[in-house]
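Engineer: I have a structure I would like to understand better, so I am pasting it below and will then ask my questions one at a time.
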Amino acid sequence: MENKQINFFKAKDINTVLKPYKKGTVVNIDNFEARERQKELKTGLYGWYAICPSNVLKKNKIHYFSLFDEPLLLFRDNKNNVRCIKNICPHRGASFYGGSISNGELTCPYHGARFSSEGNCQNIDSITCRHIVDNNYDNYAKRIHLSQYKTVEEDNYIFIYFSDKSEMDLNNIKEEPSISNYELISNGFSIEDSVSEEVLVDFKCDWSRIIENHLDILHIFWVHGDTIPDKEVNKNVLVSFNQKININPNYIESIYFYKKNPTKEFIRIKYIPPGRILIYKGDPAVSRYVQVLDHIPLGENKARVIVRHYRKFLKNKLLNNLILFKENQKKIFYKIFNEDYMILKTQTYNHKMGLIKNDEIKLLGEDRMINYFWNWYKKSEEKDTPWKYINNKELNVYDEIIFKYPPEIKKLEVINNINIIRKAFIRYAAPLIFLLLII
Ligand code: FES
Ligand SMILES: [Fe+2]
């Protein structure tokens, strides 16, 4: 152990580190470093990603997606457990797109190789000609094996543990951090007596830009002020806040208190890396509303967001049906994403084209959350290298398969609007017409 004067200590963010100590204070370096590590978010982009709501993945159906441009798929095996497979057939490299699932077995559409849930090829004889294989079949069969990532279902989401490579044997994967970090109950919110709505949207923009957007409180007043029903949220009534930041290895949380009423909490935003953001309306212990935003880095310039909110108000099913609460809420979600979309697209373009440089962008001095996020992101990209598959931007053949929640959003939005008109007609106009006809 070593004692040193603190003013000689070298740290990456020297201001943060030195803040609690006066110049000249003698501290114990080992304890000091351990303590400081506790105040930093763990770096890295590998970890648990929520990929889709559980109900998206039906039995005998395949859900195609990608992470960091690696093509992947999900299906349910014969025990109803979710499997995440690399969408590349180990026989001759075709996609499984167009293939099928039966009794938890995946069949490739190219030569019909059939794989068990564990990944072994079940019909090796039928996909090769015995007489031209020199080596024995056992060796060949061992090599033709699916490659997987670990999955888990939690709070009705399917999560996968994404790391630097998929494995033939899932036991080789050591996940860190634990999935419990993402559970809503571990984050102070019980979903038991709440109801929820959700939408999925795909964006043609950089994944990290959307995260920045969801950590950015100021734009909510400007961009979404006329859409969010809360009258306190509008650029015309913009108020200022005191920001309190909590950081530990698993998350960073920013709490905004009204400047005029410093004990009253306006909003709380929690970032749980790599992809989840929770937004609480007030203290989680008493909050009646929490929004869960999951950010999925499909690939270069492609990102999916799942937004689900849980609410503890207006839970009566009949009343909700009558006022079309679900559909109207979805309409708000789509509108909010539309409002952000052009900004995020142009920001990504300006950045990728080199029209703006990182050090030319003035981060809002007072928004420590965004500042912290970008520093963390830079370190995390250096530590893990998930973008390794990006080498040919022209070959975007998977886009058609993967972009289900259209990048231009309109289609889903239009379907939802038609639903609102149709249901409103059935609920209100049709009975009225019927009544008039009788009279
Ligand atoms: S490439 Fe899949 S069976 Fe041949
Ligand atoms: Fe936004």
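Engineer: Identify all residues within region 173-211 that are within 16 Å of ligand 2 (Cβ to nearest atom), in contact with a Leu (Cβ under 9 Å, 6 or more places away or on another chain) and part of a helix (DSSP H, G or I); write none if there are none.
Structural biologist: Within region 173-211, W207, R209, I210, I211 meet the criteria.
Engineer: Quick one: R304 ticks every box in (1) charged (D, E, K, R); (2) within 16 Å of ligand 2 (Cβ to nearest atom); (3) part of a loop (DSSP other than H, G, I, E, B) bar one, so which box is it?
Structural biologist: Condition (3) is where R304 drops out.
Engineer: Report yes if V239 is assigned to a loop (DSSP other than H, G, I, E, B), free of Cβ contacts under 8 Å to residues at least 60 places away in the same chain, away from ligand 1 (no atom under 16 Å from the Cβ) and in contact with a Gly (Cβ under 8 Å, 6 or more places away or on another chain), otherwise no. It would help to see each step written out before you state the result.
Structural biologist: Details: assigned to a loop (DSSP other than H, G, I, E, B): yes; free of Cβ contacts under 8 Å to residues at least 60 places away in the same chain: yes; away from ligand 1 (no atom under 16 Å from the Cβ): yes; in contact with a Gly (Cβ under 8 Å, 6 or more places away or on another chain): no.
When the stated conditions are applied, V239 does not pass them.
Engineer: Within region 314-327, restricting attention to residues that are under 15 Å from R422 (Cβ atoms) and surrounded by 15 or more Cβ atoms within 10 Å (Cβ to Cβ), which residue is farthest from ligand 1 (Cβ to nearest atom)?
Structural biologist: L324
Engineer: So the check is Cβ under 6 Å with 6+ separation or different chains; which pairs have a first residue in region 37-48 that's farther than 17 Å from R276 by Cα and of a type outside the set (F, W, Y) and a second one that's outside any loop (DSSP other than H, G, I, E, B) and open to solvent by less than 10 Å² (accessible area, probe 1.4 Å)?
Structural biologist: Listed by first residue and then by second, the contacts come to nothing, as the list is empty.
Engineer: While we're on this one: Given Y398, Y377, Y389, which one is within 30 Å of I245 (Cα to Cα), open to solvent by less than 100 Å² (accessible area, probe 1.4 Å) and of a type in the set (S, T, Y)?
Structural biologist: Y377
Engineer: Open to solvent by 50 Å² or more (accessible area, probe 1.4 Å), farther than 27 Å from L412 by Cβ and either β-branched (V, I, T) or modelled with pLDDT under 90 (or both) - does that describe any residue in region 333-344?
Structural biologist: Within region 333-344, the first condition is being open to solvent by 50 Å² or more (accessible area, probe 1.4 Å), and the residues that meet it are 335, 342-343.
After this cut, where a residue has to be farther than 27 Å from L412 by Cβ as well, the list is none.
No, there is no match, as no residue in region 333-344 is open to solvent by 50 Å² or more (accessible area, probe 1.4 Å), farther than 27 Å from L412 by Cβ and either β-branched (V, I, T) or modelled with pLDDT under 90 (or both).
The values are calculated or read from the model by the stated rules, or taken from the named source; none is laboratory data. For clarity, every value in this text was computed on a predicted model and none was experimentally measured. FYI the Cβ positions are ideal-geometry reconstructions off the backbone, even for glycines, and counts take in every protein chain you see. Accessible surface is based on the protein model in full, side chains and every heavy atom, while ligands, DNA and RNA are left aside. Shrake-Rupley method; radii C 1.70, N 1.55, O 1.52, S 1.80 Å.
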